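For reference, the structure discussed in these notes is given below.
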Amino acid sequence: MSDSDIALMMAMKDEEGLRLFLQRYGGPMKAYLKKYYAHVLQEHEREEAFNWAIHNIWRFAERYHEGKGKLTSWSFRITQRAAQSVIRREISFCSKNREYEDDFDPADPSSEYDGTAQLFGPDDQRWEYVLKAIDTLPALQKAIIQADLAADGTADAQRLTEIHGTSKNSIYVSRNKAHENLKKRVDELMRQSAGKRQ
């Protein structure tokens with residue numbers, strides 16, 4: 001059975017379509033959550049994100065259009081958004097209420113709260129250096145930056161205190177230091193790269 005058939009069955013609220021979807025994509029969705037969110041979400045939270053993603057996939061199946069991409073891509077975008085909602089506990093109420101608006105699309109990042117501005121814009125050529133620089137940060141700073149990136153904004157400080165066994169103040173201070181250190185390290189990497197090209 002094709003993905004289009006499965007999507008159509010789910011859009012018509014045929015539970016066999018959901019069963020087939022879970023059989024085909026349930027495992028890969030859980031593997032995706034483990035691969036990209038294990039460092040910021042505990043196992044029960046990844047399970048929560050998975051369940052929330054399945055809920056949205058079933059609920060909004062009629063909004064899936066093959067012309068916008070494959071069913072697997074659409075479902076993985078919804079899975080990513082579900083994980084980000086779990087990470088950003090402090091704004092989850094706002095995101096949850098958006099689901100009841102007519103223009104809500106669970107696969108579209110612009111349908112949710114955008115979070116705080118990223119350190120570097122999406123078109124910034126320094127992005128490749130950011131990823132290298134993150135690995136050079138002290139452990140807590142690195143973990144906070146990774147959590148912020150996974151949240152597509154600012155990760156919930158309370159969750160981070162529980163995961164890392166520290167205080168909220170320590171999270172805030174470490175986040176500020178991480179931003180400073182990351183910018184410095186990115187600039188250093190860029191200068192080194194420019195020196196090698198000359």
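The values are calculated or read from the model by the stated rules, or taken from the named source; none is laboratory data. Just so it is clear, the structure is predicted and the values come from calculations on it, not from any experiment. Backbone-built Cβ (ideal geometry, glycine too); neighbour counts: all protein chains shown. Just so you know, the surface numbers come from the protein's heavy atoms only, side chains and all, with ligands and any DNA or RNA stripped out. Shrake-Rupley method; radii C 1.70, N 1.55, O 1.52, S 1.80 Å.
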ask   = With a ≥ b ≥ c the root eigenvalues of the C-alpha gyration tensor of the stretch 130-175, is it rounded (a/c under 1.5), prolate (a/b larger than b/c) or oblate?
value = oblate
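Which percent of the accessible heavy-atom area of the stretch 124-198 goes to carbon and sulfur, probe 1.4 angstrom?
After summing per-atom areas, the C and S share lands at 47 percent.
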ask   = Toward the positive end of the charge dipole of the stretch 1-45, about the Cα centre and with charges on Cβ (Lys, Arg +1; Asp, Glu -1), which of 2, 25, 41 goes farthest?
value = 41
